[in-house]
Amino acid sequence: MGVLHPLFEGVEPAIVDRVLSQAVSRTFEPLSYVLVEDDPELCFFILLHGSVKVLYRSPEGLEVVVKLFRAPAVFGEMECLAEVPYLESVQALERSTVMSLPREGLIAALRASHALTFNLLTDLAARLCIAAQNERSLAFHPVETRLAQLLCTYVDFYGLPVSSGVKIRIPLSQDELANALGVARRSVTRALKQWQDDDLVTKEGSHFVVRDVRRLEKVTDPSLLRIGHRTGLKLAKRQP
C-alpha cells in the first residue's frame, strides 16, 4: 500500500498495517454517494481507484461542484479533526474503490506517525488552496471563465483524443454544468452556443468534445488553480 498511495510515503510499516487492519474497502458505482453532508458518523476516506466530485447540495436539489478528486486522493479528514458533521458531499463520477477509516483510527495513526501527519497536512493544504481559488472565482469571474475552467479540469482528468478534438469520457449535460457552477442553465447554454459557433466545443451524444484545448484555456484565468486534485501531485497554475 505504501507504494500504491502517496499518503503512506515514508510512513512506518507498522502504522500502515494498523490503518489497513481498521479500514473497510468499498466500491461505489457512478453517481452513488460516498458521503453526504451533515452525516455525523465520521470516517477518513482514501480513494484508491476511480474519481469523485466534491459538492454542496441545496434543499432544492442543486449541486455546486467545488473539487474533483482522481485516485490517489483522500478526503474527510477535515471533519474528523474538527469533529463536526461532514460539510460537503462526495459522489462517485466513475466506478471507484474507497477505503474508509473510522475517526478514532485516523487520530491514533496521526499521533503515532510524524510522516503520516506531514503527508496529510501537505495534501490538505493543497486542497485548501484550491478551495480558496474557487471562492475567488465565484466572487469575481464571469460564467464563461468558470465554465471554461470546469471543462478544462474535466479534460485534464477524462480527456480522450479523438479525430474531432479531445472527448470528455464522463457524460455531462448542460443542467449538470449549470448546477456545478451554481448558475442558471441559460447562462451555460449561451456560452456553449457561442463556443459551438466558434468551433471550440461540440457535443457528441452525452459527451462534450473540446475542439481546441489551447483556445479554451485562453478563456480561463491562467492564474487560477484547477479544481481537480490528486494526492502527491504539485499544484500548478496554467500559464498564458
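This table checks each residue for (1) aromatic (Phe, Trp, Tyr); (2) more than 20 Å from residue 64 (Cα to Cα); (3) crowded, with 16+ Cβ neighbours inside 10 Å.
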site: 146; (1), (2), (3): no, no, yes
site: 166; (1), (2), (3): no, yes, yes
site: 169; (1), (2), (3): no, yes, no
site: 210; (1), (2), (3): no, yes, yes
site: 219; (1), (2), (3): no, yes, yes
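Just to verify a result, which residue in segment 138-147, among those that are in contact (Cβ under 8 Å) with a residue 12 or more places away in the chain and of a type in the set (A, V, I, L, M), is nearest to residue 202 (Cα to Cα)? If you could, list the steps in order and put the result at the bottom.
Within segment 138-147, the subset in contact (Cβ under 8 Å) with a residue 12 or more places away in the chain is 138, 141, 143-147.
Next cut, of a type in the set (A, V, I, L, M) only: 138, 143, 147.
On the way: 138: 25, 143: 18, 147: 14 Å.
Only one residue fits best here, namely 147.
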Going through 74, 11 one at a time, which residue ends up being farther than 23 Å from residue 159 by Cβ, assigned to a loop (DSSP other than H, G, I, E, B), in contact (Cβ under 8 Å) with a residue 40 or more places away in the chain and among the β-branched types (Val, Ile, Thr)?
11
Go through segment 185-232 residue by residue and tally those that are under 21 Å from the mean Cα position of the chain (by Cα), of a type in the set (A, V, I, L, M) and closer than 21 Å to residue 55 by Cβ.
4
What pairs come out if I take residues in segment 187-209 that are without any contact (Cβ under 8 Å) to a residue 24 or more places away in the chain and of a type in the set (A, V, I, L, M) and pair them with residues that are surrounded by fewer than 16 Cβ atoms within 10 Å (Cβ to Cβ) and in a loop (DSSP other than H, G, I, E, B) whose C-beta lies under 7 Å away, six or more apart or interchain?
200/212
From the list 39, 17, pick out the single residue that is in contact (Cβ under 8 Å) with a residue 40 or more places away in the chain and open to solvent by 10 Å² or more (accessible area, probe 1.4 Å).
39
Taking the residues in segment 1-60 that are touching a strand residue (DSSP E or B) at 6+ places or on another chain (Cβ under 7 Å) and small (Gly, Ala, Ser) as candidates, determine which candidate is nearest to residue 134 (Cα to Cα).
51
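I need a count of the residues in segment 148-164 that are part of a helix (DSSP H, G or I) and either open to solvent by less than 30 Å² (accessible area, probe 1.4 Å) or free of Cβ contacts under 8 Å to residues at least 40 places away in the same chain (or both).
Initially, segment 148-164 is screened for residues part of a helix (DSSP H, G or I), giving 148-158.
With either open to solvent by less than 30 Å² (accessible area, probe 1.4 Å) or free of Cβ contacts under 8 Å to residues at least 40 places away in the same chain (or both) added as a condition, the list becomes 148-155, 157-158.
Qualifying residue count for the region: 10.
The values are calculated or read from the model by the stated rules, or taken from the named source; none is laboratory data. Since the model is a prediction, treat every value here as computed from it, not as a measurement. Cβ coordinates were reconstructed from backbone atoms using ideal geometry, including for glycine residues, and neighbour counts include every protein chain displayed. Just so you know, the surface numbers come from the protein's heavy atoms only, side chains and all, with ligands and any DNA or RNA stripped out. Shrake-Rupley method; radii C 1.70, N 1.55, O 1.52, S 1.80 Å.
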